1. Just to be sure I understand, how many residues within the range 190-207 are in a loop (DSSP other than H, G, I, E, B), farther than 26 Å from D111 by Cβ and of a type in the set (S, T, N, Q)?
2. Looking only at the range 92-111, how many residues end up being under 14 Å from the mean Cα position of the chain (by Cα) and over 16 Å from V189 (Cβ atoms)?
3. Please specify each residue of the range 58-70 satisfying the condition of being at positive phi and over 19 Å from the mean Cα position of the chain (by Cα).
4. Can you work out which of the residues in the range 182-199 that are surrounded by fewer than 20 Cβ atoms within 10 Å (Cβ to Cβ) and either in contact (Cβ under 8 Å) with a residue 24 or more places away in the chain or under 17 Å from M125 (Cα atoms) (or both) is nearest to the chain's Cα centre (by Cα)?
5. Kindly indicate which of S190, S223, S161, S149 is over 20 Å from T21 (Cβ atoms), of a type in the set (G, A, S) and modelled with pLDDT of 95 or more.
6. Of all the residues that make up the range 145-171, how many are touching a Phe, Trp or Tyr at 6+ places or on another chain (Cβ under 9 Å), closer than 22 Å to A118 by Cβ and in contact (Cβ under 8 Å) with a residue 24 or more places away in the chain?
7. Does any residue of the range 5-20 turn out to be surrounded by fewer than 20 Cβ atoms within 10 Å (Cβ to Cβ) and either at pLDDT 95 or above or more than 27 Å from S156 (Cβ to Cβ) (or both)?
8. Over 20 Å from Y193 (Cα atoms) and modelled with pLDDT of 95 or more: does that describe P50?
Amino acid sequence: MKKPITLLLTLITFLVRAQGTFQNLGFETGTIVPIPGDVYDRVQFGSAFPGWSGYLGGVPQNKALYNSAFLDTSGIGILDSGANTAPNPLVHGRLIQGSYTALLMAGFGGDATLSQTALIPLNVMTLFFNVSTYNPTPGTFGVTIGGQSLALTPISTLANSTLYGADIHGWAGQTNELAFTVFAEVPHVSNRYLFLDSIQFSTQPIPEPSALGLIGLGALLFSHRTGWRRKKS
């Protein structure tokens, strides 16, 4: 079971539980099943990402990288605690929460997408998720429901990721596709990487700008107090 993202998140959202049919939104129910003889030591996509579909340049995928990343090629990967000590600098220390984090890579091969079609719970207001990026530029990634782009609001910068929120109340109670996509550069210069975790539905709206300021202050005080305790100990 995933631990709470942070005290910050518990202050701004009441999570919808036991509703709808979306699966594995925190990537915690996957298992690592190696593919014998694979030159990149990839694993079975369906076992690593139960409930999810993966696409590279629109082509469905049945293999996923494991604690590794491509340098110039599109791909989808799964990270666990082994990434924290992995020699590959692209994934080293990139596990965000819990046991697993998803990695989307976009380069030669086109955009990289993780998607799932299911019932969006009733009374949902907001979609929250945690991401971190490598080679970040404007428009690096996007999130859609039913092919419609969501307006993303950065809520707070956490220890190793950024918490985002998106207003999705217009889709509550509907069966639709939720998709996360990293866009490949055209023309290609270098890969773009998105580390994704902790996707959650909430019945609460995105905080107003003034509330976000208070949240940021609270996070700062929490961080300062934690640092004081460490120094004291």
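The values are calculated or read from the model by the stated rules, or taken from the named source; none is laboratory data. Predicted model, so just to flag it, every value in this text is computed and none were measured. Methodologically, a virtual Cβ is constructed for each residue, glycine included, from the backbone with ideal geometry; neighbour enumeration extends over all protein chains shown.
1. 2
2. Number of matching residues: 11.
3. The one that is at positive phi and over 19 Å from the mean Cα position of the chain (by Cα): G58.
4. The selected residue is F183.
5. S149
6. Residues meeting the conditions: 6.
7. The answer is no; no qualifying residue exists.
8. Considered against the rule, which asks whether it is over 20 Å from Y193 (Cα atoms) and modelled with pLDDT of 95 or more, P50 comes out as yes.
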